[in-house]
Amino acid sequence: MLVAALSLRGPIMSPTPVMTQIEDDFGIGSGTAGLLTTAPVLMFALLTPVAALVIRRAGAEAALLIALSGVLIGTFVRALPGFGWMLTGMVVIGASITIGNVVIPVIIRRDVPPERVALVTAAYAATLNVGSLLTSLLTAPLAEVIGWSWALVAWSFLTFGGIGLWSIHMRRARSQGSESGEQHSGSSPASGVPRAGVDPDTLTGPLPVVAHGRESRVVFGRPVAWLLVGAFGLQCTMYYALSTWLPTFAADELGLDAAAAGAVASIYQGVGILGAFVVPLLLRFTPRIVAPLVICASWLIVTTGLLLAPELLWVWLSFGAIGHAGGFVVVFSALVAVSKTDTEAAGMSAFVQGGGYALGALGAPVMGALYEATGEWTTALAVMVVLAVVYCGALLAAVASSRRAAR
């Protein structure tokens, strides 16, 4: 499952170290180039309910295989000549990753012992960052040898590995099921009996994303739901904006070549591997307000630091990685606390993820457009600082609401 997770963020981040070459070869501006990361994030927002339907119809195991196969197809489509094909490939990749976003938490919830769910979920989040780290660090050096288009295709070996291992797992599960005369305990809810206590009609991502009935509509009238949408959306906006343009920013501000700029920018993904485990530890051993305060401080440090002292880029990115890796956990922990029922959690999760990713899709093209219009990064980074301040207000307000609900 973790090998499969390597392909669920890396393909989105892989074009960012060679964005300047892409702009030059296709004759496009920075705002247009930003669509390459916007397209898959927009798919996250639009297709989560469709992904849940695919999982319900095909079963969890088959759905993950479909997701990886779609990523592989999209990787080759975007290698076809022309920006239109590249953008189409990113749409296919984003649609496929949406299925993976939903189905892996389903599998974790179903198959992992409850006492290990937090650890496995943190390992999953860390592995997403490993995929982003590898592509951010190594795409530019590969591009110098084989060209940026083939460098993007080269990362398909990770997806091939995930497909191969997952196919072996599925065959082994079917074989064990036939030998015992019953469904293997790891089989999908669509084809077998799920673990005790898991509702086969509730799909998570990391919380239920499919809800029915009156309670799924009540969330729209709750102020805390809008606060969570705002917090999650602003986090996505800042994360994808920075992730997309950090290599270009590093090259401009520090005078680095593409390979060195990609290496510096990869700190943002690399430290996030450890950052994924920070919030679970804080939630376990400190008062609950500490974790959101740490996340807020991380975002304020990275945005303000990049604006005022870009020469210390690596320092600010180290702090910022904690914010983007741990903020997701804080937002959805608050969501759990304010949800009165599973159905309400389902509706609120769908609302938060759909609205948040839709807002996040604006980050990369807006930051690119500001850079293109002004010819420097100051304005774009000043906007990031403002977004970070608003994000902190929304997150802390949402956490305060969740604490009142818990009482």
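The values are calculated or read from the model by the stated rules, or taken from the named source; none is laboratory data. All values derive from a computational prediction rather than experimental measurement. Every residue, glycine as well, gets a Cβ built from its backbone with ideal geometry; the counts of neighbours run over all protein chains shown.
Some notes on this structure:
- Looking across segment 222-273, the residues that are more than 27 Å from P292 (Cβ to Cβ), part of a loop (DSSP other than H, G, I, E, B) and not charged (D, E, K, R) come down to G255, L256.
- Checking the stated criteria, T286 turns out not to satisfy the condition of being within 30 Å of G255 (Cβ to Cβ) and surrounded by fewer than 22 Cβ atoms within 10 Å (Cβ to Cβ).
- Meets criteria (crowded, with 24+ Cβ neighbours inside 10 Å, in contact with a helix residue (DSSP H, G or I) (Cβ under 6 Å, 6 or more places away or on another chain), modelled with pLDDT of 85 or more and more than 18 Å from C296 (Cα to Cα)) for L234: no
- Answer from V366, V389 - the residue that is over 20 Å from the mean Cα position of the chain (by Cα) and in a helix (DSSP H, G or I): V389
- For the residues A321, A276, A334, A346, the requirement of being modelled with pLDDT under 90, touching a Pro at 6+ places or on another chain (Cβ under 7 Å) and either in a helix (DSSP H, G or I) or among the hydrophobic types (A, V, I, L, M, F, W, C) (or both) singles out A346.
- Within segment 256-283, residues that are among the acidic types (D, E) sit with their Cβ atoms under 9 Å from residues that are not in a loop (DSSP other than H, G, I, E, B), at 6+ positions apart or across chains, in these pairs: D257/A140; D257/E144; D257/A251.
- The criterion of at least 2 residues that are surrounded by fewer than 23 Cβ atoms within 10 Å (Cβ to Cβ) and basic (K, R) is met, among helices (runs of 4 or more DSSP H) falling completely within segment 17-106, by 35-58.
- Within segment 384-406, considering residues that are surrounded by fewer than 16 Cβ atoms within 10 Å (Cβ to Cβ) and in contact with a Lys or Arg (Cβ under 9 Å, 6 or more places away or on another chain), the one nearest to Y239 (Cα to Cα): R403
- Tallying residues that are over 12 Å from M1 (Cβ atoms) and at pLDDT below 80 within segment 103-121 yields 7.
- Cβ-Cβ distances below 9 Å connect the following pairs, each with a first residue in segment 151-176 that is without any contact (Cβ under 8 Å) to a residue 60 or more places away in the chain, a second residue that is of a type in the set (A, V, I, L, M, F, W, C) and surrounded by fewer than 15 Cβ atoms within 10 Å (Cβ to Cβ), and a separation of six or more residues or different chains: A154/I146.
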